[in-house]
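What follows is calculated from the coordinates using simple rules that are stated; it is not laboratory data. Since we're looking at a predicted model, the values are computed, not measured. Glycine also receives a Cβ, built like all others from the backbone with ideal geometry; neighbour counts cover every protein chain displayed.
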């Protein structure tokens, strides 16, 4: 990764985070989510455009579409994708200012062009590979951050099992610290109390359901979406943490059947939880 000023690099990371939010919204598929995806992608693009103008030391104009002209005047080279990013801007104006949602059939193309535009801007004007910018740097906890970076390296190398294992370990690291901070407020394990025959009569099904209720309540207390947590748990392996610090991994499925979209979901889940770690 190229060396650029820290404040500019931080804004590149913010841009990529916003773009990931756009991709997650697109995956939801309904009309308002698709509109939100366009807004988030536009924000990601505009933030990176502002980084470029700051790097080139040219005055930003609040007229979004003048970016191409002012950069060309400075560098004698026109930035790419004027037409396609203009379409993204039109969709954004249509929804934000006129209440007209984007055409669902075009949103995927809008995001694909927006991502390519960000990659090209970063390469041409920042000497930076936008794809390798790590959102893990948004996570304040060092050990969790490093685990997420290891997951990113693994997925880039096509080592799916390791990628999901590392995301699981990063989440456990964050969750363990937050549980320690908020332990008194959490439900924790629910035990069947009373006479021996009452405990014996409680079925394993009842005990399991009570534990799931407790886990759901604890997730809500910690600001975690229970449905997303359930999917994350389904996609990642069981992690058994030893006192020594070693972790035993137990897979309930063949990790080779997982997809890049599964990874993107789990990656976003951990990044968002890592950011929440700052405030809860």
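Residues 265, 117, 164 in ascending order of nearby Cβ atoms (within 10 Å, fewest first): 265, 117, 164. Counting neighbouring Cβ atoms within 10 Å and putting the fewest first, the residues 256, 72 line up as 256, 72.
Helix 260-276 axis versus longest C-alpha principal axis of the chain: approximately 80°, rounded to the nearest ten.
If you take the beta carbon distance between residue 233 and residue 116 as r and set R0 to 30 Å, what does 1/(1 + (r/R0)^6) give as a FRET efficiency, to the nearest 0.05? Intermediate values should be presented prior to the final figure.
Numbers: r = 34 Å, r/R0 = 1.13.
E(calc), rounded to 0.05, equals 0.30.
Rounded to a whole number, what is D in µm²/s for the range 6-133 from Stokes-Einstein with the Kirkwood radius over alpha-carbon pairs (10 °C, 1.306 mPa s)?
On the way: Rh = 14.7 Å.
After rounding, the answer is 108 µm²/s.
Calculated from the alpha-carbon coordinates, the chain shows an Rg and a Dmax of 22.6, 85 Å respectively.
Pull out the extension gain between residue 214 and residue 28, defined as 0.36 nm times the separation in residues minus the alpha carbon to alpha carbon distance; nm, one decimal.
Working: separation 186, 0.36 × 186 = 66.96 nm, distance 2.77 nm.
Length difference between fully extended and current span is 64.2 nm.
Set the Förster distance to 25 Å, then compute FRET efficiency between residue 131 and residue 177 from the Cβ-Cβ distance, nearest 0.05. My answer for the efficiency is 0.25. Full extension of the chain segment joining residue 153 with residue 259 gains 36.6 nm, where the gain is 0.36 nm per residue of separation less the Cα-Cα distance. So what's the angle, to the nearest 10 degrees on a 0 to 90 scale, between helix 6-28 and the longest Cα principal axis of the chain? Once rounded, one gets 70 degrees. What is the helix-to-structure angle for 142-156, meaning the angle in degrees between its Cα long axis and the longest Cα principal axis of the chain, kept from 0 to 90 and rounded to the nearest 10? For 142-156 against the chain, the angle is about 70 degrees. Only DSSP H runs of four or more residues enter the estimate; each adds -39500 (n - 2.57), and after division by the residues of the chain the mean residue ellipticity at 222 nm equals -22000 deg cm²/dmol.
Working from Cα pairs under 8 Å separated by at least six residues, relative contact order for the chain is 17 percent.
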